[in-house]
């Protein structure tokens, strides 16, 4: 696989409308993943505020179509650098940025858009000096593509951290290599392919699953019948080692399920999840017909205890109606295959 293959794939991805997205079997999965990004970004912003940075300079690495632009607006970003390998994606990100202009025609923050293969080129010389140094770098669901080989992974990491100030943060999400290997090993048909109703994982590297290589361990990940371009296992302890060589220290690394459990304890984050339609809301009524994919919550729907509940005022009767929020088991299994992380650039001692 070459960088041009990746660019060609993402340049050809069709932009879907709201109605089409709502009809997808993974509508709630996409939304809850987006919620996880929001919570991670909020965690990073809290750390920056503790460091007296209230209007951060942002680098959105592998920014795609600019889906996080509004998050940067909410973060009161001083400036944002958006970069991606796919030119069509960058053009769409520019379009979203233009749509964010206020009534006075001014954008919410200065932004620079850079089309670049960050696995094979230095990013820093392309960044406008007025946008430097960077306070926060974000790379969401993309960094693992660089693990096609060692030189690509090192170059991508260098581009992620070289523009950071001391004390700056590098946050991101990526597939959990351990979880993916476990899934492939548990495949029943011995072809290293695990699948459920909405996704499939097929480990197709030439090496054995008993000893995957550190780089170039290729797997195919399909979501809702959309076949993506080949991806690569990013063994997280290896990423930590490479990051340390670039002057970074790990602050945390967590699997999505544990992080979601912790975020749901926060009222603001829990309300944000409902607002972002991250859960399918089921009425809490006895004898309610539950489809097969929601059997895992039937004990709460038909019992006396409620797990994750939102209450809304009933119409005209002053009573409250209870609702149970969840995602299907198949979506949860896909959700569980990701981790989030946060690195901090070390301070140089004089």
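The values are calculated or read from the model by the stated rules, or taken from the named source; none is laboratory data. Owing to the predicted nature of the structure, the values given are computational and were not obtained by experimental measurement. Using ideal geometry, Cβ is built from the backbone for each residue, glycine included, and neighbour counts are taken over all protein chains shown.
Residue 178 satisfies every condition listed in (1) farther than 17 Å from residue 53 by Cβ; (2) in a loop (DSSP other than H, G, I, E, B) except (2). Apart from one condition, residue 34 fits all of (1) at pLDDT 95 or above; (2) surrounded by fewer than 14 Cβ atoms within 10 Å (Cβ to Cβ); the exception is (2). When region 95-115 is limited to residues that are surrounded by fewer than 16 Cβ atoms within 10 Å (Cβ to Cβ) and in contact with a strand residue (DSSP E or B) (Cβ under 8 Å, 6 or more places away or on another chain), the one that is farthest from residue 57 (Cα to Cα) turns out to be 112. Scanning region 221-237 for residues that are at pLDDT 90 or above and more than 18 Å from residue 161 (Cβ to Cβ) yields 231, 232, 233, 235. Summed over region 122-139, residues that are touching a strand residue (DSSP E or B) at 6+ places or on another chain (Cβ under 6 Å), over 16 Å from residue 51 (Cα atoms) and assigned to a loop (DSSP other than H, G, I, E, B) total 2.
Is it true that residue 40 is buried (at least 18 other Cβ atoms within 10 Å of the Cβ), under 13 Å from the mean Cα position of the chain (by Cα) and at pLDDT 95 or above? Spelling it out, residue 40 is indeed buried (at least 18 other Cβ atoms within 10 Å of the Cβ), under 13 Å from the mean Cα position of the chain (by Cα) and at pLDDT 95 or above.
Of the residues examined, residue 118 is not one that is closer than 23 Å to residue 44 by Cβ, surrounded by fewer than 19 Cβ atoms within 10 Å (Cβ to Cβ) and modelled with pLDDT of 95 or more. Does any residue of region 238-249 turn out to be buried (at least 16 other Cβ atoms within 10 Å of the Cβ) and at pLDDT below 90? The answer is no, given that none of the residues of region 238-249 is buried (at least 16 other Cβ atoms within 10 Å of the Cβ) and at pLDDT below 90. All but one of (1) outside any loop (DSSP other than H, G, I, E, B); (2) in contact with a strand residue (DSSP E or B) (Cβ under 6 Å, 6 or more places away or on another chain) hold for residue 92; state the number of the condition that does not hold. Only one criterion in (1) outside any loop (DSSP other than H, G, I, E, B); (2) in contact with a strand residue (DSSP E or B) (Cβ under 6 Å, 6 or more places away or on another chain) is unmet by residue 92, namely (2). A search for C-beta distances below 7 Å between a residue of region 190-217 that is closer than 15 Å to residue 336 by Cβ and any residue that is in a loop (DSSP other than H, G, I, E, B) and modelled with pLDDT under 90, counting only pairs 6+ apart in sequence or on different chains, returns 194/186; 194/187; 198/25; 198/26; 198/224. When 180, 134, 171 are screened for being out of contact with any helix residue (DSSP H, G or I) (no Cβ under 7 Å at 6 or more places or on another chain) and either over 20 Å from residue 231 (Cα atoms) or at pLDDT 95 or above (or both), only 134 passes.
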